[in-house]
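What follows is a single structure, written as structure tokens, with notes after it.
Here, each number is a calculation from the coordinates, and none is a lab measurement. For clarity, every value in this text was computed on a predicted model and none was experimentally measured. Positions of Cβ are backbone-derived with ideal geometry, glycine not excepted, and every protein chain shown enters the neighbour counts.
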Amino acid sequence: MTDASSSGDRDAPADERPESATAALLDAAKRSDLGLVLGTLLVVYLAATVLTFADGLNSVVGLMRTLTFLGLVYALAALALNLQWGYAGLFNIGVAGFMALGVYTMGIVVRSPDPAFGPPGFGLPLPVGIAAGMLVAAVVGLLAALPALRLKADYLAIVTLGISEIVRLFLQSSAFDTFLRDSLGVGTGGGRGMGMPRNPVRDLFLVDGQAGTPTAFGELVFGVFGEDALGVSNSILIDWGYIAVLAAFVIAFYVLLERLGRSPFGRTLKAIREDELVADSLGKNVDLIKVKVFVIGCALMGLVGILWFGSQGNVSPTPQFMPLLTFYVFIAVIIGGSGSNTGSVLGGIVFATVLFEGPRRVGASVRDVIDAETPPSFADAVAALDPTAFLAFATDNVAPLQFILLGLILVFIMHRRPDGILGDRIETAAAVDLSERPSGGETDE
Amino acid sequence: MSSDVPDASDVADAADEVDAADAITDEPEANDSAVEEAAKHVPSGAPPLRVEGLVKRFGGVTAVDGASFEVEQGSLTGLIGPNGAGKSTTFNCITGVHEPTAGSVYFKGEDVTGLEPYRMARKGLVRTFQIARELSEMTVLENLMLAPKGQLGESAIRAVTPGLRGDVVEQEEAIRERAWETLDFFEIDHLATEHAGNLSGGQRKLLEMARALMTDPEVVLLDEPLAGVNPTLEEKLLDRIHQLREDGYTFLLVEHDMDVIMNNCEHVIVMHQGSVLAEGTGDEIRNDERVIEAYLGEDV
């Protein structure tokens, strides 16, 4: 994908032979971005296998699917945020709102106009819906950016947080739903949410998306891995098909943002992040560039919303698009190292698998092997002075305790490694190699 | 040493290339720059910089009170005055950081009063800062490569579209080469790949000036470029300024150090209480009664 990855892949075997296969693998992973990401996924898969292998292959592959899906969608969201925050220093804490705008617009545009199936839509093709979703997110981003970017950075944060909540509350409101139905003949479904159009990936496997009628391709895949062969359920296999699409989007986002970063545009963004007055004094139209990059980022967030929540069958404004979602994406970028695209992908995967899903899964597995009653309250768990009882309580209440863990990890990162996993990376902001003087130039006297 | 100097024809070539590039960008400002280019080539005897009756008030405080002066083509003009004389505010009004309360700023005869800093820089008037504002997380080379005008790759679309990126890379190579030459000229080429934040105070001043020159300016406003610079480096900096002046650049220099101004500038403007108190050569200023009274006092 990048110079680093290709050279890393090539050089690893050519260099002195490492002692073992694992050492060689670790070596290669450290030197190549792709290796780093795949290596992280591999570790996650190993952990997933350990947790579920007793339940059979279907469970193993199912857990891997859930983890990969979450890892990739967080990676996408982190990449979009990294463009705004990591490169240009624009503090957008309305990520959830822009994702909601994207997916809701897509839903409204694509859904059938027949009110019998829930909130009616315009019944247009899916690509139109996706384009419209990105466009609406971009336009709302533009409206937010125009006044806010002229002020100091903090105001942008306040405005975007406000917009995100306004979007969510509008979508939640049945009055807005009724208003839309009366005026445009389409609806949001209010607090009950709306069903999402069928995922086209499903049609790849099943004729008209109907279970039991596989296409030729579906027949082939189900035949090799399916219930009658390896025993993986068809729905999990279809989900893996969608994960392949998500992976393609991650690569596309990555290439797009790397190219943006390694160009004069990226150089100007870096300059704006550091010192707006300098960029301004050197002839850069700072306001215009900030608006541009903010709008591009918002459009990408709209697309992420579609890819993420559009594939979930049903969306509802609460709790899916609470500001909490925005903070999760921020944590992903912080862990990976803001400013680094590879870091954002890595941060997304590590956050979603290790910090978000990990504790619950591990907790549930541990709870299964503990032979003790769960104490009724935290006080009881502590007062019992019995580690088993305490563990039973902790593993039964992983979800709330997880927030304590997240907080601790953030404190740890801020204290020990404030730049994130890859934050110390030097990302070149030019379309050409700057590491050494090109030959032919004059040498120093 | 003189072989390192980017000579005037090089600079002019580069400027033409950049102008041509500017014309084909689809940026909204393309129209503006076309207008700017047209203005740039008006042959006129107008001085590169003229300030007329400049007034700037902050609330009840009048920082600049009717200052008027001219900077001649190809000159090294010094601007001095005691603390609070309004030098920095004048500077900020010229470069567009502040909008003047009254009065006008003319760049080559064209009224540019109140234009934003980026528009001034595009017209060919660039500044350095009193306290060096290097972009510390970028390398020295990146700092320099940021500055040139009309970069194709500053359009997001051009930067990512495969068919158009070739031109961007080509231009980047040219800019990189020019950046190296400029670094040579200031003798900081050994620091090219260093992060600007790791530079010493004096090196930062050199970097600032090098970066300003990368914008292809006609007039360079230097805000205390020698403050906190050791004597050896000071000599080097002044030497470079003189060389560049011979290449046709015009300098306006704000400086606290009287000797520097008197020994280097052929024209000196003295500001006092927001307006111009006296103008003339170093010797004339040295012997001007009003200046001695108001500013030099018991010193001379």
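Observations, loosely collected:
- Under 5 Å, built H, 5+ apart or other chain: amide partners of B:Val112: B:Val105, B:Tyr106, B:Phe107
- Cut-off under 5 Å, modelled amide H: who pairs with B:Ser275 long-range: B:Asp65
- Structural descriptor for segment B:49-193: relative contact order 18 percent, calculated from alpha carbon pairs under 8 angstrom and at least 6 residues apart.
- With coordinates expressed along the principal axes, the C-alpha atoms belonging to the protein assembly as shown extend over 101, 71, 61 Å, beginning with the largest.
- For the listed residue pairs B:Lys108/B:Lys236; A:Lys270/B:Lys149; A:Lys292/B:Lys108; A:Lys292/B:Lys205; A:Lys290/B:Lys149, the alpha carbons are over 21 angstrom apart in B:Lys108/B:Lys236; A:Lys292/B:Lys108; A:Lys292/B:Lys205.
- Normalised contact order of chain A, rounded percent, pairs of Cα under 8 Å and 6 or more residues apart: 24 percent
- Value of relative contact order over segment A:314-439, rounded to a whole percent, pairs C-alpha under 8 Å and six or more apart: 30 percent
- Residues of segment A:329-352 with an amide N closer than 20 Å to a point placed 7 Å from the Cα of A:Leu410 along the Cα-to-Cβ direction: A:329-340, A:344-352.
- Residue with peak Gaussian network fluctuation, chain A [Cα springs, cutoff 10 Å], from A:Ser340, A:Ser59, A:Ser365: A:Ser365
- DSSP bridge orientation in the protein assembly as shown - percent antiparallel, rounded to nearest 5: 60 percent
- Distance between modelled label sites at B:Asp247 and A:Asp275, nm, 7 Å Cα→Cβ extension: 2.2 nm
- In order along segment A:277-283, phi translates into HN-Hα couplings of 5, 5, 4, 4, 5, 9, x Hz, rounded to whole numbers, per the Karplus curve 6.51 cos²θ - 1.76 cosθ + 1.60 with θ = phi - 60° and x for Gly and Pro.
- Label-to-label distance, nm, for residues given as A:Leu143 and A:Val224 (7 Å Cα→Cβ offset): 4.8 nm
- Expected 222 nm ellipticity per residue - DSSP helices of 4 or more, -39500 (n - 2.57), all of the protein assembly as shown, to 500: -17500 deg cm²/dmol
- Amide H contacts of B:His267 (H built 1.01 Å from N, under 5 Å, at least 5 apart or other chain): B:Leu76, B:Gly78
- A:Phe378-B:Asp239 FRET efficiency (beta carbon distance; Förster radius 60 Å; 0.05 resolution): 0.25
- Taking 12 Å as the cut-off, the amide N atoms of segment A:383-400 that come nearer than this to a point 7 Å along the Cα-to-beta-carbon line of A:Leu324 belong to A:399-400.
- 3J(HN,Hα) along segment A:427-436: 8, 5, 9, 7, 7, 10, 6, 10, 6, 8 Hz, from the Karplus curve 6.51 cos²θ - 1.76 cosθ + 1.60 with θ = phi - 60°, whole Hz, x for Gly and Pro.
- For B:Ser104, B:Ser275, A:Ser281, order by how many other beta-carbon atoms lie within 10 Å, fewest first: B:Ser104, B:Ser275, A:Ser281
- Neighbours of A:Pro375, meaning other residues whose beta-carbon lies under 10 angstrom from its beta-carbon, give a summed charge of -4 when Lys and Arg score +1 and Asp and Glu score -1.
- The slack between A:Thr213 and A:Thr49, meaning 0.36 nm per residue of separation minus the straight C-alpha distance, is 55.9 nm.
- Taking B:Tyr249, A:Tyr45 and counting other C-beta atoms within 10 Å, the order from fewest to most: A:Tyr45, B:Tyr249
- Vicinal HN-Hα couplings computed from phi for segment B:244-259 (Karplus, 6.51 cos²θ - 1.76 cosθ + 1.60; Hz; Gly/Pro x): 5, 5, 5, 7, x, 6, 10, 10, 10, 10, 9, 8, 7, 6, 4, 4
- For the pair A:Ser173 and A:Leu385, a Förster radius of 56 Å applied to the C-beta separation gives a FRET efficiency near 0.65, rounded to the nearest 0.05.
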